[in-house]
């Protein structure tokens, strides 16, 4: 989700205060960075895996689609508090130890989900994942920059963030495709096996990664005193809640509203991933020109896609139109909102990103919960309308309250 070198707590401080490194990173150092990136990919893929498998898991564990949405809600709630709490609680604990513990927890979460005999066990697995999500977002990018020389830190950061972006736009369709072929339990088992390989590499290659200093709770409160950061966080709550109230039920939408067969659903989920990449790279260029304009564009595109689902009709082509607009819009979102917080809190970007991560997770959990209640009570189409309205509220917030007084440039955001 984060797309800048300042996207996690204390990353700039870690980068600048780290011990001197050789002029070029060793092969083992880059393999260690790669293990963090792949671990992050596995973690984010696991977080959103139920979205592409929701109806299958619900049927297998004998719960409704709305109840099954708790698999997205529960880890989101815990992750919202886990990230800031873990960075404060960890103090000066070696980040190697922290990362290995988080990867081990990720393996346990996936294996417990793969063999869950009932829905209660599945929710326990998802709560374990919530700790992983909050922890990885907080520690992984910062640790990666400490593994390489200063001149290579941006490259190391890009690898870790590429893992996150790839999981966001490809994890769900890949998991859905695997689930269609072999069953939903196989998707969790394969992701757990991937995490196990990551753990072996980390045990082999990760060196000691000491933090520069302990972080206090007060360090995380600075953005709450800035008007534009307040506006951004308010918009995030409506924007992301609206998206996930609908996105959690994307697969049932394609099946029940558009009337598509399983193979067509898997194809469109893959299309969603592909156009999401396009949106992500497009967002890098657009944000450099206007953060507010890019955020507003993403909101209006997403609202259009959601509301179109109620009037465009059924079939593969209408479904594809909605998925393409939706995918491009969601590809823009992480870059736009990251840029917003960097511009709003230029003197404390790591604190801004920490609160942005928490805001995302609260909104994801809230959106999945609202969507589940709406789907169970009124149906999928009603959930799409509600989601579209929430996103339009976010667009209204950005359009009316989001005029920056300073107009800072965002040259720091890599394209």
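The values are calculated or read from the model by the stated rules, or taken from the named source; none is laboratory data. In this text, all values refer to a predicted model and were calculated from it rather than measured experimentally. We place every Cβ from the backbone using ideal geometry, glycine too, and count neighbours over all the protein chains shown.
Between 339, 279, 352, the distinction of being buried (at least 21 other Cβ atoms within 10 Å of the Cβ) and under 22 Å from residue 51 (Cβ atoms) belongs to 279 only. Filtering segment 99-156 to residues that are out of contact with any helix residue (DSSP H, G or I) (no Cβ under 9 Å at 6 or more places or on another chain) and more than 22 Å from residue 207 (Cβ to Cβ) leaves 117, 118, 120.
Being touching a residue at least 60 places away in the same chain (Cβ under 8 Å) and closer than 19 Å to residue 312 by Cβ holds for only one residue in 253, 237, 260, 270, and it is 253. Does residue 377 satisfy the criteria of being farther than 21 Å from residue 305 by Cβ, surrounded by fewer than 24 Cβ atoms within 10 Å (Cβ to Cβ) and over 21 Å from the mean Cα position of the chain (by Cα)? Criteria met by residue 377.
Residues that are modelled with pLDDT under 85 and out of contact with any strand residue (DSSP E or B) (no Cβ under 6 Å at 6 or more places or on another chain): does segment 381-393 have at least one? Scanning segment 381-393 turns up no residue that is modelled with pLDDT under 85 and out of contact with any strand residue (DSSP E or B) (no Cβ under 6 Å at 6 or more places or on another chain).
Determine whether residue 77 is surrounded by fewer than 24 Cβ atoms within 10 Å (Cβ to Cβ) and either modelled with pLDDT of 55 or more or part of a helix (DSSP H, G or I) (or both). In short, yes. Of 197, 203, 254, 234, all but one fail to be outside the structural domain of residue 31 (by TED's automatic domain parsing), surrounded by fewer than 19 Cβ atoms within 10 Å (Cβ to Cβ) and assigned to a helix (DSSP H, G or I); the exception is 234. Only a single criterion out of (1) within 25 Å of residue 393 (Cβ to Cβ); (2) without any contact (Cβ under 8 Å) to a residue 40 or more places away in the chain is not satisfied by residue 317, namely (1). On inspection, residue 214 passes the criterion of being surrounded by fewer than 20 Cβ atoms within 10 Å (Cβ to Cβ), farther than 30 Å from residue 292 by Cα and modelled with pLDDT under 85. In this structure, residue 341 qualifies as over 26 Å from residue 258 (Cβ atoms) and part of a helix (DSSP H, G or I). Taken over segment 169-190, the residue count meeting the criterion of being over 10 Å from residue 53 (Cα atoms) and touching a helix residue (DSSP H, G or I) at 6+ places or on another chain (Cβ under 8 Å) is 8. In the condition set (1) at pLDDT 85 or above; (2) surrounded by fewer than 24 Cβ atoms within 10 Å (Cβ to Cβ), residue 24 is compliant with all but (1).
Please pick out the residue among 86, 54 that is touching a helix residue (DSSP H, G or I) at 6+ places or on another chain (Cβ under 8 Å), in the same structural domain as residue 184 (by TED's automatic domain parsing) and more than 26 Å from residue 222 (Cα to Cα). When all the criteria are applied, what remains is 54.
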